[in-house]
Amino acid sequence: MKTLLIGEYRQGKLLDTTYELFGFAGQLGAETALFLVGTDSQLPAYGGTLYLADVAVCGEYSPELHKQLVLEAIKKENPDQIVFLHSSYGWDLAPRVAASLKVAQVSEVVAIQEGGYEVGCCNAKMRRTLKPATAQSVITIQAGAFEGVQPGGAPQIVKLAPAGASNVEFLGYEPAEEKGVDLAKAEIIVSAGRGIGKKDNVGIIAALAKAFGGELGASRPVVDAEWVSHDHQVGTTGQTVSPKLYVACGISGAIQHLAGMKKSEFILAINKDKDAPIGEVADVLVVADLLQFVPALTARLSQ
Amino acid sequence: MKILVCIKQVPDLESRFKPDAAGVWFSEADLAFRVNEYDEYAIEQAVKLKEQLGNEPEITVLSIGPDRVLEAIKKALAMGCDRAVHVQDSAAHLKDPWQIASIIATHAKDQAYDVIFTGMQSQDRGSAQVGVTVAEQLGYACATTLVGFAYEGGAITAKLELEGGIKGVAKLKTPALVTCQLGLNTPRYPTLPNIMKAKKKEIAGVPVADLLKEEALGKTVSFHPPAKKGSGLILEGDVSDLVEKVIGILKDKTAVLR
Ligand SMILES: Cc1cc2nc3c(=O)[nH]c(=O)nc-3n(C[C@H](O)[C@H](O)[C@H](O)COP(=O)(O)OP(=O)(O)OC[C@H]3O[C@@H](n4cnc5c(N)ncnc54)[C@H](O)[C@@H]3O)c2cc1C
């Protein structure tokens, strides 16, 4: 079996997550080749074939051009699987490649199984096993599901030059917003999820945070609804935290939230749903209505 | 201008899921359904664009599925879409993303839509494939995961969400398809007068066989709960007992309480 792994490069840097692709290929027991729109001044620690296109010419976000380049590498390499990370780069580019080849795509794989690939569904509550029906297939792997492996060595480079024009003009990056609260430094974080029900209830969670002497965190819907500001958001598109204690109140435990807090030393979750996926990472899951439990805990702590 | 919004109806995700008889998707018994959250942002952005252009554009909303999806369609009409296409398919859950995309593309190819909005993914399957695949099949420019949208003179300026709070800004000429991320805008609640008005809007029913010409490229082998790897403690019962237990555990297992 042969895989073509699609590496990532952003804002002038080869992304470390690229090495997770090798972890996946290793579990699959497959040979590898790597594709990258990057630069030869920053090469991955990998001794195999590297299909390299120059980012200075192709741009970091130019999906039409990148698609053509990946297709060219596929023609040369004839891989069984073309593997992307399930990231903003991967979920944007992978379906374009799969559609051009008219092959199956399996998105956000969390595990390799005998009969196919396992993926999450229903907001991480359930799983599906999927099997491509085409000889070639496109795979995207969930961030963090496969441990990164640095193969080591220096690549044999096959240079690719872009053909055609881009139909999207990339205007540049906007940096992340200034952080008012640096959650990464907090020892205790108490986070509010959509389960708090309404903006007025943020105070209940903030009071518990205060009783613990910690900071207030939040899941994304709470931030999107503007109940709290973005600098409190924990997760892939917020902050990554690892406090001594993380208290998740009314948070279901979607992968994008878990990615930001699962390294916490101790996780206490309060959820009325016993099956909520937050239970997979929680040290203690309290099955209760947070509107009753949280004020009671706050009162007890304040005694 | 012609706008298309593609929406999916999904179950309430706080439900408990059980496999169906075939073991490849969930049983619909006892489930309540609603508009996929990502698609609500797509509907809202389409309506905002229509308003920006003096209400000239016509918005078509399309949904594939059994008759229950009419509820989702009616919500979209009440939010401001003008007409609807219901692709009638009681076995939509057995189609793969390639087939779903091809149904939409087959409908869209003679309609000359200028802008197509979809959610970035569905909450139940989360493949994040359908939107981009529709764009590929139609040869439209496409950008994904929008957290910002602006339109001027035949071009869209899209703010794309990347990891860690960074955003990318890209410009696309229409015809184009964009996939909408959570937080792109604030989806409106349908008002009572608009719900009444929506009742008079056209919903065209189209049998799926009229639009589906493609075979599936992949198949679902099984639908099952995750292998329980959580080793955590689950506590249930009376609130004051729970508080005492939690305090005890925190004193024992963490250094945060003394
Ligand atoms: C590209 C991308 C990036 C993302 N980035 C992030 C990110 O950085 N951070 C993030 O958090 N999310 C992120 N998300 C969103 C993520 O997928 C989930 O939608 C989100 O985390 C859900 O938030 P939640 O758990 O608060 O809400 P829900 O999933 O709606 O869960 C609410 C929970 O509250 C419980 N509940 C309800 N009422 C009560 C009550 N009275 N008492 C106790 N429990 C109750 C329910 O049982 C449920 O489990 C991202 C998504 C995408 C696609």
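Under 5 Å between amide H atoms, partner at least 5 residues away or on a different chain: which partners does A:Y9 have, H built in plane at 1.01 Å?
Placed amide hydrogens put A:L15 under 5 Å from A:Y9.
What span do the alpha-carbon atoms of segment A:2-160 cover on each of the three principal axes, reported in whole Å from largest to smallest?
Extents along the principal axes, in whole Å: 43, 31, 27.
Just check segment B:170-222 against the gyration tensor rule for me: Cα atoms, a ≥ b ≥ c as the square roots of the eigenvalues, rounded for a/c under 1.5, and otherwise prolate or oblate depending on whether a/b exceeds b/c. Present the calculation step by step, with values, prior to reporting the outcome.
Numbers: a/c = 1.90, a/b = 1.28, b/c = 1.48.
Verdict is oblate for segment B:170-222.
I'd like the orientation of helix A:18-28 relative to chain A: the angle between its Cα long axis and the longest Cα principal axis, in ° from 0 to 90, rounded to 10.
The helix A:18-28 is inclined about 80 degrees to chain A.
Do you know the relative contact order of segment B:52-153, to the nearest whole percent, from alpha carbon pairs under 8 angstrom that are 6+ apart?
21
Mind giving me the nanometre distance, one decimal, between the label points for A:S302 and B:K253, set 7 Å out from Cα along Cα→Cβ?
2.6
What does the net charge come to around B:K199 if you take all other residues with beta carbon closer than 15 Å to its beta carbon, with K and R at +1 and D and E at -1?
Working: positive: B:K74, B:K75, B:R83, B:K197, B:K200, B:K201; negative: B:E71, B:D82, B:E202.
Charge balance in the 15 Å sphere: +3.
What angle do you read, to the nearest 10 degrees and between 0 and 90, between the alpha-carbon axis of helix A:202-212 and the longest principal axis of chain A?
80
Between A:K272, A:K75, A:K125, find the one with the highest GNM mean-square fluctuation for chain A; connect C-alpha pairs within less than 10 Å.
Highest fluctuation among the options: A:K75.
Arrange B:C180, A:C58 by Cβ neighbour counts within 10 Å, fewest through most, would you?
Fewest-to-most ranking of B:C180, A:C58: A:C58, B:C180.
Would you please classify the overall shape of the protein assembly as shown from the alpha carbon gyration tensor, given that a ≥ b ≥ c denote the square roots of the eigenvalues, rounded means a/c under 1.5, and beyond that prolate means a/b larger than b/c while oblate covers the rest?
Oblate is the answer for the protein assembly as shown, as a/c is 1.5 or above yet b/c matches or exceeds a/b.
Using a cut-off of 19 Å between alpha-carbon atoms, which lysines can reach B:K75, once sequence neighbours fewer than 8 places away in the same chain are excluded?
B:K8, B:K48, B:K50, B:K197, B:K199, B:K200, B:K201
In a GNM of chain B with a 10 Å cut-off on Cα contacts, which of B:L182, B:L162, B:L49 has the highest mean-square fluctuation?
Its mean-square fluctuation being the largest, the pick is B:L162.
Fewest first, what order do B:I3, B:I103, B:I249 take by the number of other Cβ atoms within 10 Å?
Ranking B:I3, B:I103, B:I249 by Cβ neighbours within 10 Å, fewest first, gives B:I249, B:I3, B:I103.
Would you work out the relative contact order for chain A, in percent, from Cα pairs under 8 angstrom that are 6 or more residues apart?
15
Say R0 is 22 Å: what FRET efficiency, to the nearest 0.05, do A:K131 and B:D210 get from their beta-carbon distance?
0.15
How much length is gained if the chain between A:S242 and A:K75 is pulled fully straight, taking 0.36 nm per residue apart and subtracting their Cα-Cα distance, in nm to one decimal?
Fully extending the segment from A:S242 to A:K75 adds 55.7 nm.
Compute the signed sum of charges (Lys and Arg +1, Asp and Glu -1) over the other residues within less than 13 Å, Cβ to Cβ, of A:K131.
Spelling it out: positives minus negatives among the neighbours equals -1.
So if we plug the beta-carbon distance of A:K13 and A:E147 into 1/(1 + (r/R0)^6) with R0 = 22 Å, what FRET efficiency do we get, rounded to 0.05?
0.60
For chain A, what is the mean residue ellipticity at 222 nm derived from helices alone (per DSSP H run of n ≥ 4: -39500 (n - 2.57); sum divided by total residues; nearest 500 deg cm²/dmol)?
Calculated mean residue ellipticity at 222 nm is -7500 deg cm²/dmol.
Can you tell me, using C-alpha contacts under 8 Å and at least 6 residues apart, the relative contact order of segment A:183-301 as a whole percent?
On the way: 267 pairs, mean separation 30.5, N = 119.
Computed value for segment A:183-301: 26 percent relative contact order.
Name the residue from B:A170, B:A108, B:A32 whose Cα lies farthest towards the positive end of the charge dipole of chain B, charges +1 on Cβ of Lys and Arg and -1 on Cβ of Asp and Glu.
Projecting each Cα onto the dipole axis, the largest value belongs to B:A170.
I'd like the FRET efficiency for A:A56 and A:Q292, computed as 1/(1 + (r/R0)^6) with the beta carbon distance as r and R0 of 51 Å, rounded to 0.05.
Calculated value: 0.30.
Let me know the number of lysine pairs in segment A:1-160 closer than 20 Å at the Cα, not counting same-chain pairs under 8 apart.
Summing the qualifying lysine pairs gives 16.
Assigning unit charges at the beta carbon (Lys, Arg +1; Asp, Glu -1) and nothing else, what dipole magnitude in debye, to the nearest 20, does the protein assembly as shown show about its Cα centre?
460
A:T237: net charge of surrounding residues, Cβ under 9 Å, Lys/Arg +1, Asp/Glu -1, itself excluded?
Its environment carries a net charge of -1.
Taking the 0 to 90 degree range and rounding to the nearest ten, how far is the long axis of helix A:90-101 tilted relative to the main principal axis of chain A, both from C-alpha atoms?
Between helix and principal axis, roughly 40 degrees.
Under 10 Å, Cα contacts only: if you run a Gaussian network model on chain B, which one of B:I247, B:I234, B:I195 comes out with the highest mean-square fluctuation?
The residue with the greatest mean-square fluctuation here is B:I247.
Once a ≥ b ≥ c are taken as the square roots of the eigenvalues of the Cα gyration tensor of segment A:214-303, is the result rounded (a/c under 1.5), prolate (a/b larger than b/c) or oblate (a/b not larger than b/c)?
Rounded shape, in that the Cα axes give a/c under 1.5.
In debye, nearest 20, what is the charge dipole magnitude of chain B about its Cα centre with +1 on Lys and Arg Cβ and -1 on Asp and Glu Cβ, if you could check?
Using Cβ point charges on Lys, Arg, Asp and Glu, chain B gives about 360 debye.
Can you tell me how much longer the chain between B:E28 and B:E58 gets when fully stretched, taken as 0.36 nm per residue apart minus their C-alpha distance, in nm with one decimal?
7.4 nm
Under a point-charge model restricted to the Cβ atoms of Lys and Arg (+1) and Asp and Glu (-1), what is the dipole moment magnitude of chain A relative to its Cα centre, in debye to the nearest 20? Kindly include the intermediate steps, with their values, before the conclusion.
Details: 26 positive and 33 negative charges, 121 e Å.
Once rounded to the nearest 20, the dipole reads 580 debye.
Fewest Cβ neighbours within 10 Å first, please rank A:S264, B:S63, B:S15 accordingly.
Ascending Cβ contact count within 10 Å gives the list B:S15, A:S264, B:S63.
Each value in this text was obtained by applying a stated rule to the coordinates, not by laboratory testing. Keep in mind that this is a model prediction, so the values were computed, not measured. FYI the Cβ positions are ideal-geometry reconstructions off the backbone, even for glycines, and counts take in every protein chain you see.
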